[in-house]
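The values are calculated or read from the model by the stated rules, or taken from the named source; none is laboratory data. Keep in mind that what you see is a predicted model, and the values were worked out from it rather than measured. Because the Cβ atoms are built from the backbone with ideal geometry, glycine has one as well, and the counts that use them run over all protein chains shown. For accessibility, only protein heavy atoms count, side chains too; no ligands or nucleic acids. Shrake-Rupley method; radii C 1.70, N 1.55, O 1.52, S 1.80 Å.
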Amino acid sequence: MNLSAVRTRRDTLGTSALRPDGGPKVQGSFAFSSDVWADNMLWGATLRSPHPYARIVSIDISEAIKIAGVETVVIAEDVPGQLTYGLIDSDQPVFASEVVRYMGEPVAAVAADHPETCRRALAAIRVEYEVYEPHINPEDSISGAVPAIHPNGNLLRYQRIVCGDQNATGPIVVEGEYEIGMQDQAFLGLEAALAIPDRDGAGLEMIVATQWLHEDRKQIALCLGLPEDKIRLTLGGVGGAFGAREDISLQVHASLLALRTGRPIKMQYSREESFFGHVHRHPAKIWVRHHASADGMIIKIEARMVFDGGAYASTSAAVLINGVTHIQGPYRCANAIVDGFAARTNNPPCGAMRGFGVVQACFAHESQMDKLALACGLSPVEIRLRNAIRTGDRLITGQPVESVAPVERCIRETDAIPLPPDMTPSPHELSLPGGSGRTADRRHIVRGVGWGVSIKNLMYSETFDDFATARCRLQDGVVTLKFATSEVGQGFVTLAPQIARSVLGVDTVIVEPMDTTIGSAGSTSASRQTWMSGGAVDGACRLVRERLFEHVAKEHNIDPLRLEIDDTDIIDTFGTLRIAVANASAGMVFEETFEHHHRPTEDLDENGQGNCHVAFAFVAHRAVVDVDTELGLVKVVQIATAQDVGRALNPLSVLGQIEGGIAQGLGLAVMEEVLMVNGIVKNPSFTDYLLPTALDAPEVVAVLIEEPDPQAPLGAKGVGEPPCISVTPAIAAAIRAATGRAITRVPVRPSDICL
Amino acid sequence: MSIHLPQTLNEALHMLQVVPHAQILAGGTDFMVEVNFNKHGVHDVIALRHVDELKKWSHDTVAGVVTIGAAVPYADMEHGELAQLFPALAEAARTVGSPQIRAAGTLGGNLGTCSPAGDALPVLFALNAVINVASTHATRSIPVADFMRGPKRNDLAQDELIVSVTIKTVAGWQGYAKVGTRNAMVISVASASLVLDHVNNSSRIALGSVGPTIIRCIQAEQWLQGVYDFTSHQALDDSIATEFGQRVSQESRPIDDHRSTALYRRHAVGVLAKRLLQRGSAQ
């Protein structure tokens, strides 16, 4: 849990500073939030609905409470504050009281002396359900064919985009219908928290793995009916997030049990429970029609996009907006009509996941670009180059792209990466599709190449002011940084000290624990922390530097504007003064806090017009796959990519994001899917929810396109999401190229290739 | 509940007699997963980790018979002498989970669980393996085809323990192939093991994950015997391999589930049979 790190190496911005938590994680000594214990602690556990849709007739906890070791059982009526929670709409019950709307919805929670006692107590709670037929088809929710399954209705959001001339058309028209399956974030560190009640019972402390401490605190406080300052959150060790920790999972339950029992409560999910305890990526169906000129210039896009939001709102409204505003891809288009729906069903709730609505849109627009290329007799590269967006172009929302937009360069530099060598006559058996199963021989394999290019918004959109706060203290040549930025694995604990070293010329930087004793840093999502919290740390360090320069200038009777940091010294640019920062700050304390706000954004109007996004990043992917066409098995051989990163503040860290994102996008392309039958999840385990192994992961050849963005505080764009977005359609396109199959759905199943 | 740690086979059999409803724990690669899913109530456990007799294998070169202890882990079958004796078993062993799982998982575990997706089971069927079981009062040797009764059902009595597997060495070619939707660490969607017996000029093929039990394709085997001479070392006509695949496919009895569809499984197992025959006849 202790992420504080003293680093004395001269790891400034632009160097591949190593993660302070890297060694401990590899050695197994890093404390994840599930490793936290307290004296006199009880265990908490959740009872979940086995049905996707049912009325709760009665709940009888009398047998459970009698079990020795069981301290309390709580249900909906025990929630002291607001009965529901949610990131955008507060529509999700802490515990279901009258109706359960998805399989796995919490109904009750217990606190007991041992996890096994908890398990028995859960088994002893008698819930009588009147089971209903679940509504699982988003189209029925949109059309009104089924009655509302929630008081807020079945349509979570509708957004239309109308732009330009609706009658515009072109000689080339291609259309398609595309489907994206439900992906799970599948972080490796499961949900876990320790809730410690205050002695007076009027508040509590929580150590939790989350993406956003302050938002958690707000929602916990509302549900407990407590003022926010009575709740203090500290970040536990987080083992990945990918969007799945943006919503509340066990936070309110653990808090409630802690306040009821007056004892610390530890809760942690199993892998199976984790599949039910957090939101997933939205499954989507997208119809698109492109009109283009004979030479392949896009004239108009028509689209209809349907996102299955599942039972509760979560961030569906924002995911939908990302979907509809990114359906044009990184391509110029003057005319568009797009209809987007996020529908409520009795499927598991869907919300944030890396790529956030753009993944779905990208699979559709990139599949279309290949169709367009074919119809125009152009190569996949040429059709993309001809339409590539440039800085200053207007999107279909009317918003001008003010970000640096090196789309053409991303494509050209990806294209320049050498293709992998042809397969040898007798390749190693593990390198073939089918891998260790030894299903194929060399002659069964066909190779294919495919492309994907994407645009991704950075930061929150639609008027949201997701600011970040940081504090910098310089004392005796040592910098201490404080922020509430969730370190979920992205590497901000590495980056923040790099910033301080560069700005202040120090060696030693201490990162204090992330908690709610400082202002919000916003969520670790939307590829935003390098930009936002990086901007806040940079701002705080710069304020301290001003104070330091003023102090030195006064001592030497010169203008502080003449001073500059040179390595670890302060120098007078007009004179000979050179003094080490450590000496200049000896015996002094400088402390400043800074909030970084991005520029304001606008809501979309009813025609989907408005400057709703802050900034954009771009990336190109080229996939080379080997396919066993007869068995439908795939081996991704190589992914070549050139990514618009603005400025690589830590190249190794950027490469880590690229390789990891590609693995996650590969997962969506060929294997990762939460399978449901009539609202029932069929594969809530890593036995059957398949993640890529080392044998599935391709060679990644990456080029970083560094064109510093003037709007970004450090010139750096977020790099977390882009790697996983266009790699999925690139792999699908490569499979198409190898097989000649249409491939309109991801994940691509073996039967989609060979039957 | 209590954990019993017998030191010898006799001690283990005795405990099995006196401890009611005891669960057997060897590598734990199935059992512990089920414990995690709460599929077992609180039962006593007999852990076999100290019973060295079960971890050994022996080769009677005169009789041409190999006996593999029930607790021999897959890691021991992947390479070395056992792998040379039974290449198909080695290929199956290499597809079991990850290196960590293969270091723990055992042949006895595959037989105890008796899932149609058990990776080693098609090989045992194709090699006509015999399963040796024991209780305090008797020992039995059961052909594997009779031992496996259904999906996750076997012929073992409550007081019996799987002791070893006996397999005759075969002069000829043998192989195994398994389809999963990931390139490693995946549960079989369809698998097949083919043994070409050059002495008896016959073949045996067994399929995994395409029926309630492992399926031996007797009719396809007999058809193949009529159209191909395994000892001739002549190139196999592609049409024979294709028809063999089709006939094997027809003998499969797959179902739809969340891992795949019956349609795909039937198709895939035919392709595997065809390719295995092509591989075997090319040797």
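How much net charge surrounds residue A:278 when only other residues with a Cβ under 10 Å from its Cβ are counted (Lys, Arg +1; Asp, Glu -1)?
Local net charge: -4.
Along each of the three principal axes of the Cα atoms of the stretch B:3-168, give the extent in whole Å, ordering the values from largest to smallest.
41, 34, 30
Would you mind giving the average projected area, over all directions, of the Cα convex hull of the protein assembly as shown in nm² with one decimal?
45.8 nm²
Please calculate how many Å² of accessible area chain A carries per residue, with a 1.4 Å probe and no DNA, RNA or ligand atoms counted. Numbers along the way, then the final one.
Values: 25500 Å² over 755 residues.
Value returned for chain A: 34 Å² of accessible area per residue.
Using a 1.4 Å probe over the heavy atoms of the protein chains, calculate the carbon and sulfur portion of the accessible area of the protein assembly as shown as a whole percent. Could the numbers behind the result be given before it?
Numbers: 19100 of 37350 Å².
Here carbon and sulfur together make up 51 percent of the probe-accessible area.
Lys and Arg at +1, Asp and Glu at -1: add these up for the other residues within a Cβ distance under 14 Å of residue A:353 and post the number. All intermediate terms of the calculation are to be shown ahead of the outcome.
Working: positive: A:245, A:281, A:354, A:456; negative: A:184, A:246, A:247, A:308, A:672, A:673, A:721.
Its environment carries a net charge of -3.
Please work out the average accessible area per residue across the stretch B:68-140, using the 1.4 Å probe convention, and give it in Å².
On a per-residue basis, the stretch B:68-140 sits at 30 Å².
Explain nothing, just the number: dipole magnitude of the stretch B:3-168 about its Cα centre with +1 on each Lys and Arg Cβ and -1 on each Asp and Glu Cβ, in debye rounded to the nearest 20. Intermediate results must be reported in sequence, preceding the final value.
Numbers: 11 positive and 16 negative charges, 50 e Å.
It works out to roughly 240 debye.
Kindly identify residues of the stretch B:165-212 having a loss of at least 50 Å² in accessible area between the isolated chain and the assembly of all protein chains, probe radius 1.4 Å.
Residues meeting the cut-off: B:181, B:182, B:183.
Hey, in the GNM for chain B with a 10 angstrom Cα cutoff, which one of B:58, B:191, B:209 fluctuates hardest?
B:58
I need the semi-axes of the equivalent ellipsoid of the stretch A:643-715: take the C-alpha gyration tensor, multiply each eigenvalue by 5, square-root it, list largest first in whole angstrom. Provide the component values of the computation, followed by the final result.
Working: eigenvalues 234, 46, 16 Å².
Those come to 34, 15, 9 Å.
Please work out the Cα center distance from the stretch A:725-755 to the stretch B:235-252, rounded to the nearest Å.
Result: 28 Å between the Cα centres.
Which of B:42, B:89, B:54 sits closest to the plus end of the dipole of the stretch B:40-125, meaning its Cα is farthest towards the positive end, when Lys and Arg get +1 and Asp and Glu get -1 on the C-beta?
Going by the charge dipole, the pick is B:42.
What accessible area, summed over both chains, is buried at the A-B interface (1.4 Å probe, Å², nearest 100)?
Counting both chains, the buried surface is close to 2900 Å².
Students often forget the sequence filter, so: which lysines lie under 21 Å Cα-Cα from residue A:230 once same-chain residues fewer than 8 apart are removed?
A:218, A:266, A:482
Just name one of A:693, A:531, A:388: the one whose Cα is farthest towards the positive end of the charge dipole of the protein assembly as shown (beta-carbon charges, Lys/Arg +1, Asp/Glu -1).
A:693
Could you list, bin by bin from short to long, the percent of Cα-Cα pairs of the stretch B:65-120 in 10 Å steps?
Taking every Cα pair in the stretch B:65-120, the percentages come to 26, 62, 12.
Which whole-angstrom value gives the distance between the alpha carbon centres of the stretch A:97-160 and the stretch A:187-241?
What the calculation gives is 24 Å, centre to centre.
If all Cα-Cα distances of the stretch B:173-281 are sorted into 10 Å bins from 0 onward, what percent lands in each bin, rounded to whole numbers?
Going out from 0 Å in 10 Å bins, the stretch B:173-281 shows 16, 50, 26, 8, 0 percent.
Hey, which of these cross-link pairs are over 20 Å Cα-Cα: B:178/B:274; A:682/B:178; A:371/A:456; B:39/B:178; A:25/A:456?
Check vs 20 Å cut-off fails for A:682/B:178; A:371/A:456; B:39/B:178; A:25/A:456.
Just name one of B:196, B:271, B:236: the one whose Cα is farthest towards the positive end of the charge dipole of the stretch B:193-283 (beta-carbon charges, Lys/Arg +1, Asp/Glu -1).
Checking the options against the dipole of the stretch B:193-283, the answer is B:271.
Long-range amide H contacts for residue A:47: which residues qualify at under 5 Å (H placed 1.01 Å from N, peptide plane, sequence gap of 5 or more or a different chain)?
A:107, A:108, A:109, A:110
In debye, nearest 20, what is the charge dipole magnitude of chain B about its Cα centre with +1 on Lys and Arg Cβ and -1 on Asp and Glu Cβ, if you could check?
Around 600 debye, computed over chain B.
What list of ³J(HN,Hα) values in whole Hz, one per residue of the stretch A:562-579 in order, does the Karplus curve 6.51 cos²θ - 1.76 cosθ + 1.60 (θ = phi - 60°) give from phi, with Gly and Pro shown as x?
7, 8, 8, 8, 10, 6, 9, 10, 9, 10, 8, 5, 10, x, 10, 4, 9, 9
When the dipole is taken about the Cα centre of chain A, and only Lys, Arg (+1) and Asp, Glu (-1) are charged at their Cβ, what size is it in debye, to the nearest 20?
920 debye
Please give the helix B:9-18 orientation as an angle from the longest Cα principal axis of chain B, in degrees from 0 to 90, rounded to the nearest 10.
The answer is roughly 70 degrees.
Using modelled backbone amide H atoms (1.01 Å from N, in-plane), which distant-in-sequence or interchain residues come within less than 5 Å of residue B:25's amide H?
B:46, B:47, B:48
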